[in-house]
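Below: the structure, in structure tokens.
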Amino acid sequence: MPRSVSMSLANMHIQCYFGVCLFLLGTLNLCLCHLTPRVSFPIGSPGRSIVLFSNTDIGNTTTLLLSDDEKSLFVGARDAVLLLDVSQPGVMEMKSKLDWSPSSTDLDDCSMKGKKKVDCHNFIRVLRFLNNTHVYACGTHAFSPFCTYIDVERLSISGKVHEGRGRCPYDPYQRNTAIVVDGELYTGTVADYRGNRPVISRYLSQAPHTDLKLDDTLGWLEDPTFVSSTILPSKEKVYFFFSEVGREYDFIDKLIVSRVAQVCTSDVGGQRTLQRRWTTFAKAQLLCHHENELPYNVIQDVIALPPEDGTSEDEMLFYGIFTSQWSVNSGRSAVCRFLLKDIKAVFSGNYKVLNRDTLRWSTRLQEKTATPGQASCGLHSASDNTLRFVKDNFLADQSVQPVGRVLSLVSPDHRYTNIAAQRIQTKSGRNYTVLFLLTESGFLHKVVLSDKGPHIVEEVQVFRNPQPVKNVVLSVTKGVVFVGSSEGVAQVPVFNCSFYWSCAECVLARDPFCGWDHSSRACIHVSNGSHNIVQDVERGNAKDFCRVPALTPKSRSNQQRPPAVSCPPGEHVYVLLNEVVKLQCPEASHLAVRHWERPNSRLSPDLYLLQDDGSLYFLATPLTLGHYICVSVENGYQQTLAVYSVTQRTSTTPQAVVPLHKKSQATTMQTALTTVALTSQGIQPEVVKTTVKIAGSGDTEPELATNEEVLRVTTTVLDEHSRQDSKNLSSFRQPRLTQADSHDGELQSLANSRTYYRELVAVTVMLVMSLCVLLMGALYTLRPHCYRRAGPQVCPGQDSDVHGSQERDPLSQPTVSVMKPSNQVQDKSLAGSNSTPRGSNGHLPNTPI
Ligand SMILES: *[C@@H]1O[C@H](CO)[C@@H](O)[C@H](O)[C@H]1NC(C)=O
Ligand SMILES: *[C@@H]1O[C@H](CO)[C@@H](O)[C@H](O)[C@H]1NC(C)=O
Ligand SMILES: *[C@@H]1O[C@H](CO)[C@@H](O)[C@H](O)[C@H]1NC(C)=O
């Protein structure tokens, strides 16, 4: 027995220590002020229903192609091409499937070459519309790429399957890019089995064009990773985006640089020099870095945002995700945007010259005989002399800087890999850019770029495990993002305004898709709204926009009363003196700061323990009885999340011992608290006196019964009904040994040991507790510093101005919402407000216990 006691002691030490650590980390997080998604929707959360297409027979559904009418989604999978019907919202049905597997000889060859069996499949990596009736498809085909034409109508192979070298990688993990312009295929990939012959080529060329590729001489590309390609609106040039080794920086070993390269669609190659080779190839460096920081030098993905209607092609924007090659920056990423005008300017400027003997680049000194990247793309009939010049002058001297030389977004703790972008007009007529960024771990972040900086409106989990290959496709007209990964194809609605249940939540969200409609009292999509919509994407100023429209004098005076005094009794919590009380507070947003208030008194850290999850622990004493209000402050807007009235229990109602099911940190903490309390009062902690909530009329919610949260120390009324049940309950009062499950071993030993170890436990626990409290006190005093350090544009949620409107949000209990002035919106959520908690991601758990 003594041994087990000391073991449990050690355990407790560690867990309490971890508690402190977690708390510390939490505080530090606040200090660093990370770009945090305001709300999260994990897989299966009710607030955002994603439709998933997956099928056990079909794997690696990673290549996506959406038809122009956005009714069909073609999916390149493992050994198959699928046609999904996505014409109806929220539905993804497989209409047909085309099997395309390597033959058994191909598979044998692949294994013979020493490749893993799982990689010896036909992974479809090129899928592009050639014309209205045909799609061009290429697959890795067991490390021997093949391409074919697919009849869209019947989803069948039409015409010959032909070799795909130079159009599709051999290795399914190697990245490539391909686009079709006027029936011709432009590709960037590696053209050999080992993956060290990169090429940018044109295939399926139609006379007078001929197929073109890069000259084989050195220096055109240096071990590139292709990420994307795009055609300019004028259809004059194709741009390729990739990262490669920057040979011009020969003083740094293998420095990676990001590039944009161009070729002209009108290129026909040279006549003697550069025959069947590009004569218009040029490349330039893309920069994405902050001063005094290592550059984000590795481009991961890029998306073109077409120019606004009525503006020139030069206003086209490219949004790129960049990561860093250095491990100190791993796990971080940045978004930079580039203007087409700036890229064009760099291409029409000076070029570096390659010395073919030393393979060194230098800034050009010789006379300029041609401008390789000139706007006109006219080198068709150029002299051999000019073309020889082009061969050595294809790297632009200047680099392309991001717009305004600033990074659009820096994420210190998310590694983004794929991007989609959309421009959206808000109610005020202003355009905002919304980015959809897929993280390595499978969350889709919706980011709005405002003047104050980026704001992550929400994150939606789309797959469970990190995926090596994945793609995103945005359908603006359908309002969904398709995400293809090896777990299937997910269809994610880009907004769900009805998730925001109050004006404040709707405005605080700063979602450019949503606005609060005062007439229908709902958060709705801006395009189908009445004129009476409030929206504040820039500042999320709920304080000003969600005031109660017209107040009668009476209700106004009502409203001006300080919240603490005018508080309704709230939920009653009946306690015995010296019990540990836990009050819970739901979380409205990750950006909100929650705190507890009492009327006319401050919460001293000596008496109260505030947990990371917002809950409050304290010991019931005459001093601590009374009202408790949990207040959430976000962006200067204050709302009450819960109100409790803690009263001393008078009758000698029976008590039940809480069976503690899980060894959680909180449980241990709470036990510690209890033990401290009891010991200090000279009470024998044989039976830890804790009561469990017995639901009033016997309709104990099953969720409550199993919810670990609830099983933490909680004290409530045991009404008459439960008194009738006291017979049943009495069994609970038996010593723990008879009741407890195996998890309670340490508690049993703690409770049953009648040796001086008990005192030892108590003293140690008290020591640890006071350490915790001390640390927390210290951290608490540090916190204001952190807030001050954080720039307001980075953390709008942590505005120190907390004197917000006093709108009583209905999210706590009906009793609270009664507080609202009579003409105030009675929120829809009120109806369900006394239902069971809806989980971390759904609406707030409204049932404080
Ligand atoms: C939007 O949110 C509401 C409230 O959480 C939920 O009931 C509804 O299913 C959601 N809709 C979608 C399309 O996710
Ligand atoms: C579309 O392309 C395919 C393959 O090149 C060709 O056979 C077909 O005739 C084309 N269809 C049209 C309508 O041009
Ligand atoms: C294919 O899917 C499997 C899991 O389903 C995954 O392990 C593998 O990496 C994927 N391969 C490619 C090339 O994406």
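The values are calculated or read from the model by the stated rules, or taken from the named source; none is laboratory data. From a predicted model like this one, the values you see are computed outputs, not experimental measurements. Cβ atoms come from the backbone with ideal geometry, glycine included; neighbour counts cover every protein chain shown.
Within the bounds of segment 294-307, is there any residue that is among the acidic types (D, E) and either modelled with pLDDT of 95 or more or surrounded by 24 or more Cβ atoms within 10 Å (Cβ to Cβ) (or both)? Checking segment 294-307: at least one residue is among the acidic types (D, E) and either modelled with pLDDT of 95 or more or surrounded by 24 or more Cβ atoms within 10 Å (Cβ to Cβ) (or both).
Checked against (1) under 34 Å from the mean Cα position of the chain (by Cα); (2) crowded, with 18+ Cβ neighbours inside 10 Å; (3) of a type outside the set (G, A, S), T273 passes all but condition (1). Taking the condition under 24 Å from G183 (Cβ atoms) and among the hydrophobic types (A, V, I, L, M, F, W, C), does L294 pass? Against the criterion (under 24 Å from G183 (Cβ atoms) and among the hydrophobic types (A, V, I, L, M, F, W, C)), L294 does not qualify.
Annotation note: Cβ proximity below 7 Å between a residue of segment 131-144 that is under 20 Å from D69 (Cβ atoms) and a residue that is part of a loop (DSSP other than H, G, I, E, B) and within 12 Å of ligand 2 (Cβ to nearest atom) (sequence gap 6+ or interchain) occurs for N131/G183; T133/V152; T133/E153; H134/V152; H134/S158; V135/V152; Y136/L130.
Yes/no per residue for (1) within 35 Å of the chain's Cα centre (by Cα); (2) more than 29 Å from K116 (Cβ to Cβ); (3) within 16 Å of ligand 1 (Cβ to nearest atom):
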| site | (1), (2), (3) |
| --- | --- |
| G183 | no, yes, no |
| A191 | no, no, no |
| R197 | no, no, no |
| R202 | no, yes, no |
| E222 | yes, no, no |
| V245 | yes, no, no |
| F251 | no, yes, no |
| V263 | no, yes, no |
| V268 | no, yes, no |
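Across segment 50-68, the qualifying residues are those that are more than 13 Å from L84 (Cα to Cα) and loosely packed, with under 15 Cβ neighbours inside 10 Å, and the one among them that is farthest from ligand 3 (Cβ to nearest atom) is D68. For the condition assigned to a strand (DSSP E or B), within 16 Å of S411 (Cβ to Cβ) and assigned by TED's automatic domain parsing to the domain that holds V199, A304 does not qualify.
Results for (1) free of Cβ contacts under 8 Å to residues at least 24 places away in the same chain; (2) of a type in the set (G, A, S); (3) in contact with a Phe, Trp or Tyr (Cβ under 7 Å, 6 or more places away or on another chain); (4) more than 16 Å from ligand 1 (Cβ to nearest atom), shown as yes or no for each residue.
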residue: I43; (1), (2), (3), (4): no, no, no, no
residue: R48; (1), (2), (3), (4): no, no, yes, no
residue: F53; (1), (2), (3), (4): no, no, no, yes
residue: D57; (1), (2), (3), (4): yes, no, no, yes
residue: T62; (1), (2), (3), (4): no, no, no, yes
residue: V75; (1), (2), (3), (4): no, no, no, yes
residue: R78; (1), (2), (3), (4): no, no, yes, yes
residue: Q88; (1), (2), (3), (4): yes, no, no, no
residue: S101; (1), (2), (3), (4): yes, yes, no, yes
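Of all the numbered requirements in (1) without any contact (Cβ under 8 Å) to a residue 40 or more places away in the chain; (2) crowded, with 18+ Cβ neighbours inside 10 Å; (3) touching a strand residue (DSSP E or B) at 6+ places or on another chain (Cβ under 8 Å), C110 misses one, and that requirement is (3). Taken together, L577, L551 contain a single residue that is part of a loop (DSSP other than H, G, I, E, B), surrounded by 12 or more Cβ atoms within 10 Å (Cβ to Cβ) and modelled with pLDDT of 50 or more, which is L577. Only one of the numbered conditions (1) basic (K, R); (2) touching a Phe, Trp or Tyr at 6+ places or on another chain (Cβ under 8 Å); (3) more than 16 Å from ligand 3 (Cβ to nearest atom) is violated by R194, and that is (2).
Would you confirm whether any residue within segment 115-125 is among the charged types (D, E, K, R), touching a Phe, Trp or Tyr at 6+ places or on another chain (Cβ under 9 Å) and more than 16 Å from ligand 1 (Cβ to nearest atom)? Checked against the condition, which is being among the charged types (D, E, K, R), touching a Phe, Trp or Tyr at 6+ places or on another chain (Cβ under 9 Å) and more than 16 Å from ligand 1 (Cβ to nearest atom), segment 115-125 yields at least one hit. Are any of the residues in segment 151-158 within 16 Å of ligand 2 (Cβ to nearest atom), of a type in the set (G, A, S) and without any contact (Cβ under 8 Å) to a residue 40 or more places away in the chain? Yes - at least one qualifying residue is present in segment 151-158.
Where strands (runs of 3 or more DSSP E) fall wholly inside segment 88-184, the ranges with 1 or more residues that are within 15 Å of ligand 3 (Cβ to nearest atom) are 124-129, 134-139.
Count of segment 470-482 residues, restricted to those that are in contact with a Phe, Trp or Tyr (Cβ under 7 Å, 6 or more places away or on another chain) and of a type in the set (V, I, T), is 3. Residues of segment 235-266 that are assigned to a loop (DSSP other than H, G, I, E, B), closer than 22 Å to Q174 by Cα and in contact with a strand residue (DSSP E or B) (Cβ under 6 Å, 6 or more places away or on another chain): G246, K254.
For segment 182-197, name all the residues that are modelled with pLDDT of 95 or more and crowded, with 16+ Cβ neighbours inside 10 Å. Listed by number, the residues that qualify are E184, L185, Y186, T187, G188, T189.
Residues that are surrounded by 15 or more Cβ atoms within 10 Å (Cβ to Cβ) and farther than 24 Å from V51 by Cβ within segment 80-107 comprise W100, S101, P102, D106, L107, listed in sequence order.
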